[in-house]
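The values are calculated or read from the model by the stated rules, or taken from the named source; none is laboratory data. All figures in this text were calculated on a predicted structure; none of them were measured in a lab. Positions of Cβ are generated from backbone atoms using ideal geometry, with glycine treated the same way; all protein chains shown enter the neighbour counts.
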Amino acid sequence: MAHLLIELFSEEIPARMQARAAEDLKKRMTDGLVEAGLTYASAGAFHTPRRLALSVEGLLDGAPAKREERKGPRVDAPQKAIEGFLRSTGLTREDLQVRDEKKGQVYVAVIETPGRPADAIVAEVLEQVVRNFPWPKSMRWGAGDLRWVRPLHSILCILSAEDGHRVVDLEIDGIRAGDTTRGHRFLAPDAFSVTGFDDYAAKLARAKVMLSAQDRADHIWADATTAAFAQGLEVVEDAALLSEVAGLVEWPVVLMGRIGEDFLHLPPEVLQTSMREHQKFFSVRDPKSGQIVRFVTVANRTTADDGATILSGNQKVLSARLSDARFFWDNDLRVAKSDLGAWAKALENVTFHNKLGTLADRVARVQALSREIAPVVGADPEQAALAAGLAKADLTSEMVYEFPELQGLMGRYYIAAAGHPEEVAAVAQDHYSPLGPSDDVPTAPLSVVVALADKLDVLAGFWSIDEKPTGSKDPFALRRAALGVIRLLLTSGLRMQLTTVLGALPEDKAADLVAFIHDRLKVYLRDQGIRHDVIDACLAMPGSDDFTLLVNRANALADFLKTDDGENLLQGFKRANNILAQAEAKDGVEYSYGADVKYAETDEEKALFAALDTADAQIAPAMQAEDFAAAMSAMAALRAPIDGFFEAVQVNAESQVIRRNRLNLLSRIRTICLGVADLTRIEG
């Protein structure tokens, strides 16, 4: 067994590409080795800003020789069939064998593949991988044809075993593989040789390179949180930034600096966003005030002055950046306090969609819809319209122009600064939510109203112009909007018939849109553990565009079917429905009324009449009150009398009067059960 070590050493790889590139190197190399006959025990991929590395343990020393026999067409087969077989095998007709079989003579191809040493296979596979590497962006340099994300300087490729290591004979675009690499660009730039992975990792560590990205991230976080804790502060968690910064340095050195007093009045979100986006700094917060008061930067080297010069330079650059943010904030505050409506009016100059008008047009539609929805939610219609009219005003502010990710949040600050109530200001931030399946759902009445109106408007708008999601394409995030509507309705327990709310749409388009939201609801409920057939059984009932009603029914039915009574009643219903359907098809009539207890001949038959009367009397008011649990409980009481009826009674009696009466009795079972849910859609 051999151990393979590969390192592709280049100029700095963009941090966002490193992890994917390391996985691509691992997958493409190991797939290629296995396909060539070299199996292995384990493999690990690593990345730093200047290198991709792969370690493959337990690799075979070579691919064994193989002999494969392939049965081909008959000797008298059409010429095209024989030529196709020859192409697939790479042989000539003279190479084929002829063998006798029961149905005649057939061609047989015997393909012998000689064994190959691991070195040759590794060289062949690695060259293919490097030349066809799937970088999102790549470049050529010098006079060569090789493309790489940044200029590739060297290739380390060695096979090691107990008796030593050897360099794989490989050259790609003038770069010959060797057993040397380099350490940190500044702290240990000299080349050194390695004999295997353990030697490689140890020497890199001595040369000021942390090979593992996770180790770098852990080191950064530990040092940053320790430094903050020592001053009674805390680092704001930012997993994405931590991952990115770990991809910017090979030897992370954590430094904590101060934010100038002139900037501490800025909203913490502004400070955090500016420092993260422009400087890749972590924010350090005072837990008592919630204010951002420090920053953490990560250098790529140690210095004689313990980072003082680096920190000083970073603080100067940060001051310049934050001066811009302060300028935007101060200007925006002046506008918000004097004429907030100017921003809303400026939306007339921003096109939302060429067929749906400007953002101002969209805001007007959301205002109208908010007035309509507000009473259902228990909010004041005029307050809802006011909040909807201001919710998107910050889109034309200077701060949001610079930092689009702060939309809504800045609106909340500006609307409050203009003197509006906090619940109106909160709508600016909340009405975009929920943005995804794990995002928080707003619960304040005004926020719920405008969030619903905003999502329903975008859905109705694009449905009106026939711009619907197709396949995996959803450029306007309409599936996300539909899920947002669902979560808003269910979280708030709102009773709203969507078909009525969407009355401005033509009837067919409104029905189609509700069906689209139903599809999203099916996915959502399946994730909640409700079977698809249970959902279908409830969707088939009246009022299915009232999602709260629909989900309450589905939950009650799902719970009912988990019980023995529910499962057995379902079987009794299906039996009754099947007998009835066959009889109706045979007789050409519908048995839907007229069952009379005076024609009952057995005690079991009479007991079923009585049970159906009792159930009907209980189920009807329970359904009227939308007490689905009570309706299911009353329906469960039918299990025993239905079982007893089928055990003692023959439905297709010789007497046609008795037969019709019993079929009409089965029709009562069907009618009562289908009044609760469409049990015909339940599987099993």
Please find, within the range 309-343, the residue that is surrounded by the most Cβ atoms within 10 Å (Cβ to Cβ) out of those that are of a type in the set (A, V, I, L, M, F, W, C) and touching a Leu at 6+ places or on another chain (Cβ under 9 Å).
Leu322
Within the range 85-101, residues being exposed (fewer than 13 other Cβ atoms within 10 Å of the Cβ) and either within 52 Å of the chain's Cα centre (by Cα) or at pLDDT below 85 (or both) number 4
When residues of the range 133-171 are filtered for being under 17 Å from Arg28 (Cβ atoms), touching a residue at least 12 places away in the same chain (Cβ under 8 Å) and assigned to a loop (DSSP other than H, G, I, E, B), how many remain?
9
In the range 43-93, which residues are over 30 Å from Pro134 (Cβ atoms), of a type in the set (Ser, Thr, Tyr) and touching a residue at least 12 places away in the same chain (Cβ under 8 Å)?
Thr89
Specify which of the listed residues (Glu683, Glu654, Glu590, Glu647) is exposed (fewer than 14 other Cβ atoms within 10 Å of the Cβ), charged (D, E, K, R) and under 21 Å from Leu539 (Cα atoms).
Glu683
Given (1) of a type in the set (Gly, Ala, Ser); (2) more than 27 Å from the chain's Cα centre (by Cα); (3) not in a loop (DSSP other than H, G, I, E, B), Ala240 misses just (2)
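Yes or no, residue by residue, for (1) on the phi > 0 side of the Ramachandran plot; (2) surrounded by 19 or more Cβ atoms within 10 Å (Cβ to Cβ):
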site	(1), (2)
Gly232	yes, no
Asp238	no, no
Leu248	no, no
Trp251	no, yes
Leu255	no, yes
Ile259	no, yes
Val270	no, yes
Gln279	no, no
Asp286	no, no
In the range 310-338, which residues are outside the structural domain of Gly260 (by TED's automatic domain parsing) and out of contact with any Asp or Glu (no Cβ under 9 Å at 6 or more places or on another chain)?
Asp330, Leu333, Arg334, Lys337, Ser338
Looking at the structure I just gave you, is Asp559 at pLDDT 90 or above, out of contact with any Pro (no Cβ under 6 Å at 6 or more places or on another chain), more than 22 Å from Ala637 (Cα to Cα) and among the acidic types (Asp, Glu)?
no
Select the strands (runs of 3 or more DSSP E) contained entirely in the range 260-366, then report the ones holding at least 3 residues which are free of Cβ contacts under 8 Å to residues at least 60 places away in the same chain.
282-285, 292-299
Of the residues that sit in the range 666-680 and are among the hydrophobic types (A, V, I, L, M, F, W, C) and not in a helix (DSSP H, G or I), which one is surrounded by the fewest Cβ atoms within 10 Å (Cβ to Cβ)?
Val676
Test: Thr273 is of a type in the set (S, T, N, Q), under 23 Å from Glu405 (Cβ atoms) and touching an Asp or Glu at 6+ places or on another chain (Cβ under 8 Å):
yes
Enumerate the pairs (first residue in the range 19-33 and surrounded by fewer than 20 Cβ atoms within 10 Å (Cβ to Cβ); second residue anywhere and among the small types (Gly, Ala, Ser) and in a helix (DSSP H, G or I)) with beta-carbon separation below 9 Å, excluding pairs fewer than 6 apart on the same chain, so at least 6 apart or on different chains.
Ala19/Ala213; Ala19/Ser243
Any chance the range 119-134 includes a residue that's over 30 Å from Asp76 (Cα atoms) and either over 47 Å from the mean Cα position of the chain (by Cα) or among the aromatic types (Phe, Trp, Tyr) (or both)?
yes
Can you tell me which residues in the range 102-115 are in contact with a Leu (Cβ under 9 Å, 6 or more places away or on another chain) and either surrounded by fewer than 10 Cβ atoms within 10 Å (Cβ to Cβ) or closer than 25 Å to Leu38 by Cβ (or both)?
Ala109, Val110, Ile111
From (1) in the same structural domain as Gly461 (by TED's automatic domain parsing); (2) closer than 22 Å to Glu626 by Cβ; (3) small (Gly, Ala, Ser), pick out the condition that doesn't hold for Ala511.
(2)
